[in-house]
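Notes for the one structure printed next.
The values are calculated or read from the model by the stated rules, or taken from the named source; none is laboratory data. Small disclaimer: the values here were computed from a predicted structure and weren't measured. Positions of Cβ are backbone-derived with ideal geometry, glycine not excepted, and every protein chain shown enters the neighbour counts.
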Amino acid sequence: MPTTEILKLTNIDIWGPARVLSTGNAIYAMKFHDSGSSHRKSFFLKDRLAATTLYALITYKNGSEKIMGKKMIYIHSDNAPEFKSKLWEDFMHENGLTFVPTAPYSSRSNGTSERSIGITTASVRIMLLDSGMSAKWWAEAWQYSEVVDNLLPSACHPRKIPEERWTGERQDVGHLRVWGCIAYVHIPKEKGLCKLGNRGQKGRLIGIETRGIFRILITETGEIIRSRNVRFEEGIGHRTLTPEGEYFVNDNEDVDLDFLLPQTPQTPENVNSATPAMQPIAPTSTPAPQQQPKTRQCIIYPPASRRSAHLAGDNAALPNVTQLPNQDQELHTDDANTPILEDSDEEEEIISALSANINSGPRTSKQIHTSLFMKHAIYHATTYGFH
């Protein structure tokens, strides 16, 4: 039932029980989430009986209607027994409220409240771990997390601050501090301390009541002081993400954090440029090289010499070897880009070499057999080629 009207639809859910009692002995958190503004408010309960939860509903209803000047209409929640009790039914009938329950065993139908509680519990977990505070302060962290969430836009109402829509007043975040950080509270003169006495007490920030009023825990005594004269030591982030990974910083040491600033990549263009360092350098684009069409080169292989040392003689000159073509020479290719091998006169060269080297005198049987073998080899090579 999506709506943009404030107090028309209120989502309710209960979280708990917590394994650790809060400082107020609470183990449950009852959250109210307004669908029209995404405003959140929680009450911390010792139990979830019908009377206890109804008292939280009455408190929320009276305060909300007085601020907004409107009446609550619908209440959306799951089928918890306390919400379907006789006490709740009589109260809704007397005040004109309509209870809209989800289907049985389908908590996902109450997704707005479930999601809101999931975000808050995740924030509380991180706040307790990062500050090192005891788990018994989970209720204080819960309440502080809701203060921050009400100052942030939500996905349902982008660019709208829930607290601004709820109160109708302009909001800012200048009073927010890191939860659990070290705080020094001013000791007023009314305390009657001597002139050389301490002027401050060291504690931890655990909450904000209204703008400018902080709740400070004095760790030595366990006392909670409300004050507006506070000085904070928030330090810097414990984990800072860098391109090389996480960088852990010791708050007690002076560390050069210039490497966390955005760095400009060093290139020949911006190193030799006369542009000032503070001005951004426009990126230069280099044209992509044009792709040349791929062709297969025509390689002219030299004709193989068929002259043997016996036929050609010891002083015979070696045949001239044809050089491979250079890249600048014109390639001889056909339409299919297939290299064409030029014809050679190797057969005529071989025949002329045989006729020039045959002795006119009588030959022995070994020479005859050698001659026949060479003729057979030359015929086979010229006919079928060498393998």
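Listing for the model above:
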quantity: Answer residue from segment 104-138, given it is small (Gly, Ala, Ser) and farther than 23 Å from residue 152 by Cβ and is surrounded by the most Cβ atoms within 10 Å (Cβ to Cβ) among those; calculated: 109
quantity: Test result for residue 9, buried (at least 21 other Cβ atoms within 10 Å of the Cβ) and of a type outside the set (S, T, N, Q); calculated: yes
quantity: Members of segment 56-81 that are small (Gly, Ala, Ser) and out of contact with any Pro (no Cβ under 7 Å at 6 or more places or on another chain); calculated: 56, 63, 64, 69, 80
quantity: Single residue of segment 35-52 satisfying the filter (of a type outside the set (Lys, Arg) and assigned to a loop (DSSP other than H, G, I, E, B)) that is surrounded by the most Cβ atoms within 10 Å (Cβ to Cβ); calculated: 39
quantity: Filtered residues of segment 18-34 (kept if surrounded by 15 or more Cβ atoms within 10 Å (Cβ to Cβ) and either more than 23 Å from residue 128 (Cα to Cα) or of a type outside the set (Gly, Ala, Ser) (or both)); calculated: 21, 23, 27, 28, 30, 31, 32, 33, 34
quantity: Qualifying residue in segment 124-133 (condition: in a helix (DSSP H, G or I), in contact with a strand residue (DSSP E or B) (Cβ under 8 Å, 6 or more places away or on another chain), in contact (Cβ under 8 Å) with a residue 12 or more places away in the chain and within 30 Å of residue 181 (Cα to Cα)); calculated: yes
quantity: Filter result for residue 116 (in contact (Cβ under 8 Å) with a residue 12 or more places away in the chain, out of contact with any Pro (no Cβ under 8 Å at 6 or more places or on another chain) and in the same structural domain as residue 43 (by TED's automatic domain parsing)); calculated: yes
quantity: Filter result for residue 55 (surrounded by fewer than 18 Cβ atoms within 10 Å (Cβ to Cβ) and modelled with pLDDT of 95 or more); calculated: yes
quantity: Residue in segment 58-81 that is at pLDDT 95 or above, among the polar types (S, T, N, Q) and under 35 Å from the mean Cα position of the chain (by Cα) present; calculated: no
quantity: Members of segment 195-220 that are aliphatic (A, V, I, L, M) and under 18 Å from residue 179 (Cα atoms); calculated: 205, 206, 208, 213, 216, 217, 218
quantity: Close pairs (9 angstrom Cβ cut-off, 6 or more residues apart or separate chains): at positive phi in segment 166-190, of a type outside the set (A, V, I, L, M, F, W, C) and part of a loop (DSSP other than H, G, I, E, B) anywhere; calculated: 180/132
quantity: Odd one out for residue 156, checked against (1) in contact (Cβ under 8 Å) with a residue 24 or more places away in the chain; (2) over 18 Å from residue 32 (Cβ atoms); (3) assigned to a loop (DSSP other than H, G, I, E, B); calculated: (2)
